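Right, one structure below, let's go through it.
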Amino acid sequence: MSAYKSIRNILFKFEPENIHNALESILQAFGSISIVQDILAKNFCYSNEILKNQVCGLDFYNPIGLAAGFDKNAKMIKALSALGFGFLEIGTITKTHQKGNPKPRLFRFKEEQSLQNAMGFNNDGSQEVSSRISKIYPYALPIGINLGKNKNISSENALKNYEDVLKDFLDLGDYYVFNLSSPNTPNLRDLQNINFVQELFLMAKSHTKKPIFLKISPDMPTDEMLQVCEMAIQKGADGIIASNTTIDYSLLSQPKSIGGISGNALRAKSRAVFEELARAFFNKTTLISVGGIDDAQEAYRRIKMGASLVQIYTGFIFKGPSLCKNINSKIQEYLIKDGFMSIKDAIGADLK
């Protein structure tokens, strides 16, 4: 981690989005060179039978995934697959290309190990991205596709917009995620209501039997959140992902006026939301926890709280490419210490 910290100190002198774009180009290039992928895998992957699990019919080498937002356009799948993740989630992808919100729109808070982003679903559009990933399908790891609404589409036409983007990936995703919870698309969070969610999952299940998840906001009132999730599950959702970024700006000492907060500042809030979710729905559906997870202790805590899988993003930026390996090796130690024969036995242990 210390070697990465030295590199990070240099990288953090530059604008966050510029660094991300440069990293995207580098990892895209690495993904086209098999010997480089082998070197990455040798140094950054960690494998043990105790970490393996099957969730929603998909096989996971380990429970640590990369959350949506890092690889918006699916250009880094091959290289990221060699960095120790158990699964990847690409996107958010919309039906048509979007430039996103005006720059600057990504902000770094080094001392608080947090980010604030107001990206606005900038992406290449579903046709270009689906064409790109069709060339590497099937994948080495389970790949989720996070789907969003175009900014120029009204709420009245949102269902059709989600249907159109889903249909472009029907043969290319291992699982799908409906993103209704980003704070960076005007009125998107208004779609987090039982009527729209009911229509959304009825529509989706008419097109595919593959797993489909709902990703929720951490800023919803608890009762409302549980009602929306209950409706999603009733109408066919295979699971819930909690949570997206927050617009609770009290969590940062000097926040920007736009965008959602992720990283350490989100940790306690995300954990509290997940606790409510797990109390209501553990053993009724699959739960994935994301938000402020950047070490094995927190990842293992969420697993014992009821998460079948967890995701990281901001922690990956602050702690570097060894993070997955470090988390997975430590989780193995925790499992053995606690007497679990497999990670499956630890899921929801605090609720049993």
Dividing the surface of the Cα convex hull of the range 303-352 by four yields a projected area in nm² of 3.6
Dividing the helical contributions, -39500 (n - 2.57) per DSSP H run of n ≥ 4, by the residues of the chain yields a 222 nm value, nearest 500 deg cm²/dmol, of -11500 deg cm²/dmol
In the range 282-326, trypsin sites (Lys or Arg not before Pro) in a DSSP loop with at most 15 other beta-carbon atoms within 10 Å = Lys284
Sorted by chain and number, the residues with a modelled amide H under 5 Å from that of Tyr176, at a separation of 5 or more or across chains, are Ile145, Ile212, Phe213
Taking each pair of different alpha-carbon atoms in the range 163-241 once, compute 1/r for the pair, average those values, and report the inverse of that mean as the Kirkwood hydrodynamic radius in Å to one decimal.
-> 12.7
Binned Cα-Cα distance frequencies in the chain - 20 Å width, integer % | 32, 63, 5
Sorting Leu309, Leu251 on the 10 Å Cβ count, fewest up front, what's the list?
-> Leu251, Leu309
Segment Ser329-Asn18, length gained on full extension (0.36 nm per residue, minus Cα span) = 108.8 nm
Would you mind checking the pairs Lys99/Lys160; Lys72/Lys256; Lys72/Lys330; Lys160/Lys269; Lys215/Lys284; Lys42/Lys319 and listing those with alpha carbons more than 25 angstrom apart?
-> Lys72/Lys330; Lys160/Lys269
Extending each Cα 7 Å along its Cβ direction at Ser322 and Tyr139, get the distance between those two points in nm, one decimal.
-> 2.7
Hey, what did the chain get for relative contact order, percent, Cα under 8 Å, at least 6 apart?
-> 17
Enumerate by residue number the trypsin sites (Lys or Arg not before Pro) in the range 28-123 meeting two conditions: DSSP loop (anything except H, G, I, E, B), and at most 12 other Cβ atoms within 10 Å of the site's Cβ.
-> Lys99, Lys110
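Each value in this text was obtained by applying a stated rule to the coordinates, not by laboratory testing. Owing to the predicted nature of the structure, the values given are computational and were not obtained by experimental measurement. Counting neighbours? That spans all protein chains shown, and the Cβs are built from the backbone with ideal geometry, glycine included.
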